[in-house]
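Structure record follows, encoded as structure tokens.
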């Protein structure tokens, strides 16, 4: 401790004791300082990172966009604009619109409607701490939806989304996306779609049989068509894509519907990373439902593997099971990927198509002249009781026009989001890495500059010469998105809708129930807030 030349031996004992005490105190202080230093090294970066996320980054990004002429609602620490969005939606959810009005944007997305009037057609807002750019310019939207411009798929704000959708085509990128798309494309070929028509017809006939059992002795039935179509779409996707039973499909869809309710409720809440792993009552409920969904899928897969179906079959599930056995890396699919794709297609396949049927039925019930035009076309091509096939359905031009107009005014998918994977320039905009972009289909589909002065009116004749001639821009209808990532099951959805509407018109006259309240609402997709009660009168009774 002391060298040979140290004066230590010459010091008195008292002085030595004082020095030893000071030394010991210095040692303790030094140790404490080290502990404090270590603690600061651990904590300060996190504090600094939090300051960057919560304060500095929003300030810098707001200034960066302001230089480009883009402003928006003021950022609030941690919450961003979530509280405003929640408040405005709560207020407009009390509105009841005139059924004849198709001006639904202010009710469905009131925050966008208000912010557009304040800040213009392109503005910046904050989804919590996430910068989000609202862009309603059609040309910019087409660039953003095209993968070559470096935008990733739907940004994941909350992990619950994977429980609902699965990590399938909707959420994967790059080589994985290309591999999955390559494997799944044949399931939606023309020949496969033709083969699907008969099972679609059988599922619809089963629904009609259920109606007849429920309405013995009644001339006119009142049905909640949104619920009926949801069950029907579940039956159709289970039968045509997965070869499963009606009961299995209903059980699966019920669990996914509960997951959807959880997810929709979470959208306006603050998410703290890491909380998804805590055994909270909500998380326990989510995990239980997710297990229920996975168990249903595994039972369907096991049944197919044990069946005598040659080479697993050519439907969607069969193609994936074949891919699981493939020796080619670019055509192979793991078991966990199959489960995720099943979740994805079940949810997407039943949700959006059932809503297309729901809103089309609402429009036909409201516009009796078009209902009669379609019925006449159906009778001319299919007769009054002939079972439709794919060739017959392809001849129904008026029906196709009505479905296109329904998708324009009440498309189930009301917006699409993308994430900038790097700093990039699109048109005149410089978009920083990590910014979310919202493309508002609902607003763009009623833009008078694109669709004409009657943009808010129901006019199927605008599609008389095809989709490309319906608006100023040939790609103005974005109901199934745009570019290489456009919906893989588009033709499947249209065939299903044509089959069901045709068979309905062959048998029933449709009219809105007096109880119907016109209340479209954003529940991730476009839903009727209070359902769609419709009066159905069998045609044989109405002609008597």
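The values are calculated or read from the model by the stated rules, or taken from the named source; none is laboratory data. These figures come from a predicted structure and were not determined experimentally. All Cβ positions, even for glycine, are placed from backbone atoms using ideal geometry, and neighbour counts span all protein chains on display.
Here are some notes:
- Hits in the stretch 518-533 - residues which are more than 27 Å from residue 373 (Cβ to Cβ) and touching a residue at least 60 places away in the same chain (Cβ under 8 Å): 519, 521, 522, 523, 524, 525, 527, 529
- Considering the conditions (1) modelled with pLDDT under 75; (2) within 16 Å of residue 349 (Cα to Cα), residue 238 is excluded by exactly one of them, (1).
- Some residue of the stretch 153-165 being at pLDDT 85 or above and either under 18 Å from the mean Cα position of the chain (by Cα) or more than 30 Å from residue 342 (Cα to Cα) (or both): no
- Residues being closer than 25 Å to residue 111 by Cβ and surrounded by 19 or more Cβ atoms within 10 Å (Cβ to Cβ) - total across the stretch 448-475: 2
- Check on residue 446, out of contact with any helix residue (DSSP H, G or I) (no Cβ under 8 Å at 6 or more places or on another chain), in contact (Cβ under 8 Å) with a residue 12 or more places away in the chain and farther than 30 Å from residue 316 by Cα: no
- One residue stands out in the stretch 519-535 among those that are surrounded by fewer than 21 Cβ atoms within 10 Å (Cβ to Cβ) and farther than 21 Å from residue 86 by Cα: the one that is farthest from the chain's Cα centre (by Cα), namely 535.
- Qualifying residue in the stretch 409-419 (condition: in a helix (DSSP H, G or I) and closer than 29 Å to residue 225 by Cβ): yes
- Checking residue 327 against (1) assigned to a helix (DSSP H, G or I); (2) over 24 Å from residue 228 (Cβ atoms), the condition it does not meet: (1)
- The residues on offer are 15, 67, 76, and the sole one that is modelled with pLDDT of 90 or more, surrounded by 10 or more Cβ atoms within 10 Å (Cβ to Cβ) and out of contact with any strand residue (DSSP E or B) (no Cβ under 6 Å at 6 or more places or on another chain) is 76.
- Some residue of the stretch 165-175 being at positive phi, touching a helix residue (DSSP H, G or I) at 6+ places or on another chain (Cβ under 6 Å) and in a loop (DSSP other than H, G, I, E, B): yes
- With respect to the conditions (1) modelled with pLDDT under 95; (2) under 26 Å from the mean Cα position of the chain (by Cα), residue 472 lacks only one, and its number is (2).
- Within the stretch 434-469, the set of residues being assigned to a helix (DSSP H, G or I) and under 24 Å from the mean Cα position of the chain (by Cα) comprises 441, 442, 443, 444, 467.
- Filter pass, residue 258 being at pLDDT below 90, assigned to a helix (DSSP H, G or I) and surrounded by fewer than 19 Cβ atoms within 10 Å (Cβ to Cβ): yes
- Answer from 176, 191 - the residue that is modelled with pLDDT of 80 or more, more than 23 Å from residue 327 (Cα to Cα) and out of contact with any strand residue (DSSP E or B) (no Cβ under 8 Å at 6 or more places or on another chain): 191
- Within the stretch 312-334, residues that are on the phi > 0 side of the Ramachandran plot reach partners that are assigned to a loop (DSSP other than H, G, I, E, B) and buried (at least 17 other Cβ atoms within 10 Å of the Cβ) with beta carbons closer than 9 Å, at six or more positions or on different chains, in the pairs 313/243.
Rundown of residues vs (1) touching a helix residue (DSSP H, G or I) at 6+ places or on another chain (Cβ under 9 Å); (2) at pLDDT 95 or above; (3) buried (at least 21 other Cβ atoms within 10 Å of the Cβ), yes/no style:
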site: 350; (1), (2), (3): yes, no, yes
site: 386; (1), (2), (3): yes, no, no
site: 399; (1), (2), (3): yes, yes, yes
site: 403; (1), (2), (3): yes, yes, yes
site: 416; (1), (2), (3): yes, no, no
site: 432; (1), (2), (3): yes, no, no
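- Taking the listed residues 368, 327, the one that is farther than 25 Å from residue 487 by Cα, surrounded by fewer than 18 Cβ atoms within 10 Å (Cβ to Cβ) and touching a strand residue (DSSP E or B) at 6+ places or on another chain (Cβ under 8 Å) is 368, with no other qualifying.
- Residue list for the stretch 84-131, restricted to those being exposed (fewer than 14 other Cβ atoms within 10 Å of the Cβ), without any contact (Cβ under 8 Å) to a residue 60 or more places away in the chain and either touching a strand residue (DSSP E or B) at 6+ places or on another chain (Cβ under 7 Å) or outside any loop (DSSP other than H, G, I, E, B) (or both): 87, 90, 91, 117, 118
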